[in-house]
Amino acid sequence: MIPTQQTPAHPKTSSTTIEEQIQKLEERFEQLKIEVRQAQQLSAMGPAAATIAHEYNNLLAPVLAWSQAAIDSDDPELTQKALRIAAKHAKVLKAMSERVMEVAAAKKAEYQAVPVRQAVEEALESLCRDLKKDGIRFKNEVPEDTIAWTDPLYLHQVFFNLLLNARDAMAPQRSGSLIVRAASEGDKTRIEVSDDGPGIEPDILCDIFDPFKSSKPSNRNGRERCGGLGLALCKDLIEDSNGTISVTSEPEEGTTFTIVLPTNAPRQN
């Protein structure tokens with residue numbers, strides 16, 4: 001009897017393997033998006049680095065002075081005062097560091113109802129410098145109950161970049177006002193960030209959200225700087241939240257960025 005020829009077993013249909021590969025690619029793509037955004041945000045924070053370092057120095061100077069005074073003295077009362085001042089300033093420095101790390105964080109988006117006013121206040125604190133020191137009058141006119149459906153860190157990062165840009169634009173003239181307003185319009189939340197600074201030139205305004213397009217000098221103090229990533233990141237984060245961001249500006253009259261975000265989670269089909 002002639003033995004029947006066994007047909008070699010074929011591996012499992014490739015559809016499962018392809019599906020697994022697609023899933024892995026999607027996961028890797030999402031991770032790369034997170035990493036790219038973190039790199040963009042770190043780059044956008046570059047202009048703030050000198051200001052943050054200056055504020056750190058201002059807080060550390062009295063700590064060092066009082067600590068040295070306590071070391072050089074046998075006065076217990078002076079020592080206690082030096083310790084109180086050191087502890088107070090250390091808490092402020094710790095809070096500043098935490099805010100900077102939050103802005104530079106990399107994580108997967110977690111969409112939820114975000115209080116807009118709170119996000120503005122947290123972004124303002126992340127600047128690590130009171131705008132009054134630069135002659136800028138700031139008003140947060142967002143109602144307490146205004147919410148937007150987005151990731152809290154996304155909104156924090158967007159406000160941080162917009163406030164930072166406005167401060168950089170107005171700081172040289174040592175005057176100006178910066179106002180954030182918001183209102184609910186049906187199932188949308190409309191947010192406006194307005195300043196009365198020098199404005200944006202028309203030839204830049206049309207593509208201000210493009211990567212590396214910036215109204216700031218590309219060279220400062222003899223050093224090349226990588227600019228124009230902050231607004232590109234803002235656009236990316238807002239659009240990922242099913243929202244839009246636009247800008248209007250006139251030279252010497254100011255700039256207004258308008259953000260529209262959903263108020264609630266999108267309906268599932």
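Just so you know, all these numbers are worked out from the coordinates, no wet-lab data involved. Everything numeric here is computed off the predicted structure, so don't read it as measured data. Positions of Cβ are generated from backbone atoms using ideal geometry, with glycine treated the same way; all protein chains shown enter the neighbour counts.
Of the listed pairs 108/132; 139/188; 132/188; 91/235; 94/188; 108/188, which have alpha-carbon separations greater than 30 Å here?
Values: 108/132 35 Å; 139/188 22 Å; 132/188 32 Å; 91/235 34 Å; 94/188 36 Å; 108/188 24 Å.
Over 30 Å Cα-Cα: 108/132; 132/188; 91/235; 94/188.
In nm, give the distance between the simple-model label positions of residue 53 and residue 190, each being 7 Å from the Cα along the Cα-to-Cβ direction.
4.3 nm
Which cross-chain or sequence-distant (5 or more) residues have an amide H under 5 Å from the amide H of residue 146, H modelled 1.01 Å from N in plane?
116, 117
Hey, rough spin-label estimate for residue 248 and residue 130, points 7 angstrom out along Cα→Cβ, what's it come to in nanometres?
The answer from the label model is 3.4 nm.
Using only alpha carbon positions, build the gyration tensor of segment 57-99, then give the equivalent ellipsoid semi-axes as the square roots of 5 times its eigenvalues, largest first, whole angstrom.
Numbers: eigenvalues 101, 20, 5 Å².
In descending order, the three semi-axes are 22, 10, 5 Å.
With the crude spin-label approximation of a point 7 Å out along Cα→Cβ, what separation in nm comes out for residue 240 versus residue 88?
With each label placed 7 Å out from Cα toward Cβ, I get 4.1 nm.
List the aspartates and glutamates whose alpha-carbon lies under 17 Å from that of residue 81, not counting same-chain residues fewer than 8 positions away?
By straight Cα distance, residue 81 reaches 72.
Amide H to amide H, which residues 5 or more places from residue 188 or on other chains are under 5 Å from it, using H placed in the peptide plane?
Amide H to amide H, under 5 Å and 5 or more residues apart or across chains, residue 188 pairs with 263.
What is the local net charge at residue 256, summed over the other residues whose Cβ is closer than 11 Å to its Cβ (Lys, Arg +1; Asp, Glu -1)? The partial results should precede the final answer.
Numbers: positive: 181; negative: 192, 195, 196, 250, 253.
For residues surrounding residue 256, the net value is -4.
Report the extension gain between residue 263 and residue 175 in nm, rounded to one decimal, defined as 0.36 nm multiplied by the number of residues separating them, less their alpha carbon distance. Write down the numbers at each step before the final one.
Working: separation 88, 0.36 × 88 = 31.68 nm, distance 3.44 nm.
So the chain would gain 28.2 nm between residue 263 and residue 175.
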